[in-house]
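The values are calculated or read from the model by the stated rules, or taken from the named source; none is laboratory data. Please read these numbers as outputs of a predicted model, since none were measured by experiment. Methodologically, a virtual Cβ is constructed for each residue, glycine included, from the backbone with ideal geometry; neighbour enumeration extends over all protein chains shown. Please note that ligands, DNA and RNA were not included when accessible areas were found on the heavy atoms of the full protein model with its side chains. Shrake-Rupley method; radii C 1.70, N 1.55, O 1.52, S 1.80 Å.
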Amino acid sequence: MHPPMSFQLETTRLMMRPWDESDVDDYRALVGERDQRALSVERGDLMPTVENIRARITTQLAASGQTGLALLPIFRRGEGDFIGYCGLIVGSASVDEPEIAYELLQRAHGCGYATEAARAVLEAAIATGRTRLWSTVRAWNAPSFRVLEKLGFDRDHVSTQDDRGEMVWMTRALP
């Protein structure tokens, strides 16, 4: 059994903390932006409802209480604005060897924020005594591969879980 990861993380440029009711509109915009980019799959109404996002936040907070892992919203320290999320989840992995996950608003791409936030989460995982992390990335997602490679992740295997294409499993041993 591992102690919970820190739910308050700071870097030079970023601050991460648990989800709050005030994050609903920002999180909704991020999910809506993602779905707009994925128009190749017909989904009907792409923008999630406020109630849907509140339910997602409630589910994530409950999971954090059970697992000691969390997806944390990311804010730029200087501007105070929401730019995405980063954290550890069970996902396709396990509580002992969780997945690192991150997603940023498009306006925050290309600035090193994903790498900076993921590095802070990696350090939080090390502090819990975990020995390995995973990440699953769609084969087309070159920016995520660059982030993971900077953090020392290596390709483990590829699977096809659904009709959205290949999933690449990346892993990193922790000290």
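Rank-order 89-96, 119-126 by packing density, defined as the average count of other C-beta atoms within 10 Å over each peptide's residues, highest first.
Details: 89-96: 15.1, 119-126: 20.0.
Listed from highest to lowest mean packing, they are 119-126, 89-96.
Could you check the spin-label model distance between ARG17 and VAL90? Points 7 Å from the Cα along Cα→Cβ, value in nm.
2.8 nm
Rounded, prolate or oblate: which one fits the range 108-175, using the alpha carbon gyration tensor with axes a ≥ b ≥ c (rounded when a/c is under 1.5, else prolate when a/b beats b/c, else oblate)? Kindly include the intermediate steps, with their values, before the conclusion.
On the way: a/c = 2.46, a/b = 1.30, b/c = 1.89.
Cα axes put the range 108-175 in the oblate bin.
Under 11 Å from the Cβ of ARG17, count the other residues' Cβ atoms, weight Lys and Arg +1, Asp and Glu -1, and hand me the total.
Working: positive: none; negative: GLU10, ASP20, ASP23.
Taking every other residue near ARG17 into account, the sum is -3.
For the chain, what is the accessible area per residue in Å² when the probe is 1.4 Å? Mind showing how you got there, number by number?
Values: 9080 Å² over 175 residues.
Here the residues of the chain average 52 Å² of exposed surface.
Among 111-117, 73-79, how do they line up from the highest to the lowest mean number of other beta-carbon atoms within 10 Å? Working shown, then result.
Values: 111-117: 19.1, 73-79: 16.6.
The peptides rank, most packed first, as 111-117, 73-79.
Taking the mean number of other Cβ atoms within 10 Å as a proxy for protection, how do you rank 58-67, 9-18, 97-106 from highest to lowest?
Values: 58-67: 13.8, 9-18: 16.5, 97-106: 19.8.
In descending order of packing, they fall as 97-106, 9-18, 58-67.
Rounded, prolate or oblate, given the Cα gyration tensor of the chain, with a/c below 1.5 counting as rounded?
Since a/c stays below 1.5, the shape of the chain is classed as rounded.
Between GLU79 and ALA173, what length comes free when the chain is fully extended (0.36 nm per residue of separation minus the Cα-Cα distance, one decimal in nm)? Write out the running numbers ahead of the final one.
Values: separation 94, 0.36 × 94 = 33.84 nm, distance 3.43 nm.
Stretched out fully, the GLU79 to ALA173 stretch lengthens by 30.4 nm.
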